[in-house]
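The structure appears below as structure tokens.
Please treat every number below as a calculation from the coordinates, not as lab data. Values in this document were obtained by computation on a predicted structure and should not be read as measured data. Note that we place each Cβ from the backbone using ideal geometry, even for glycine, and neighbour counts take in every protein chain shown.
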Amino acid sequence: MPSKDDMIRTISSMLGNIDGVGSVRVVDMDGSGQFDRGPSISKEGQIARLEEMLTNYQRQNPFGIGELVTPRADSGLKGIGIPHIVLDLRDDIEPDWRQEHPLNRGCCDDFRIAYFNDDETIVVLWQESFRYEAYQR
């Protein structure tokens, strides 16, 4: 079996990145993560963005009903750059520990939004506002 570095070099060269570093990220599909090189952003850049995320997380929801928002570029959410409209707000939120998906467990969904899905249906859902920013027209 080829080594991890050999596999990364092979895949990278097929994608036009000979040294295997930078824009290519290889992840082991069986979930072990042994081929994961992690984010390409510097450690200092990661720390700065994590600190910014903490500031956003700790603030109260800055959005009002009717405002247009979009997921932040580093939110990991779908729909980045697509307009979403704020439908409702929640002030009395508590972490939701009942969610089955581990990434949603403990979320504090403090606003309800709507947006157009790929199939042109309107999706309506509760989300955490710290993962969003004002939509720029």
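Residue ranges 129-136, 75-82, 40-47 sort as 129-136, 75-82, 40-47 when ordered by packing (mean number of other C-beta atoms within 10 Å per residue, highest first). Taking amide H as placed 1.01 Å from N in the peptide plane, the amide H of Tyr135 sits under 5 Å from that of Leu68, Val69, Thr70, each at least 5 places away or on another chain.
In nm², what is the average projected area of the convex hull enclosing the Cα atoms of region 59-134? Mind showing how you got there, number by number?
On the way: hull surface 21.1 nm².
Over every viewing direction, the Cα hull of region 59-134 projects on average to 5.3 nm².
Phi-derived couplings, Karplus 6.51 cos²θ - 1.76 cosθ + 1.60 at θ = phi - 60°, listed residue by residue for region 73-79: 4, 9, 6, x, 8, 6, x Hz, with x used for Gly and Pro.
Mind checking the dipole of region 59-134: about its Cα centre, +1 per Lys or Arg Cβ, -1 per Asp or Glu Cβ, Debye to the nearest 20? If you can, show how the numbers build up before the last one.
Values: 8 positive and 15 negative charges, 35 e Å.
The calculation lands at about 180 debye.
Which length gain, in nm to one decimal place, applies between Leu77 and Ile41 when the Cα-Cα distance is subtracted from 0.36 nm times their residue separation? Please list the in-between numbers first.
Working: separation 36, 0.36 × 36 = 12.96 nm, distance 1.87 nm.
The Leu77-Ile41 span can extend by a further 11.1 nm.
Work out how much length Tyr135 to Glu94 would gain on full extension: take 0.36 nm times their residue separation and subtract the Cα-Cα distance, in nm to one decimal.
Working: separation 41, 0.36 × 41 = 14.76 nm, distance 2.65 nm.
So the extension gain works out to 12.1 nm.
Farthest towards the positive end of the charge dipole of region 59-134, among the residues Ile93, Ile65, Val124, is the Cα of Ile93, using unit charges on the Cβ of Lys, Arg, Asp and Glu. If R0 is taken as 25 Å, the Cβ-Cβ distance between Asp119 and Gln60 corresponds to a FRET efficiency of 0.15. Residues whose amide H lies under 5 Å from that of Cys107, counting only those 5 or more places away or on a different chain, are Asp96; hydrogens are built 1.01 Å from N in the peptide plane.
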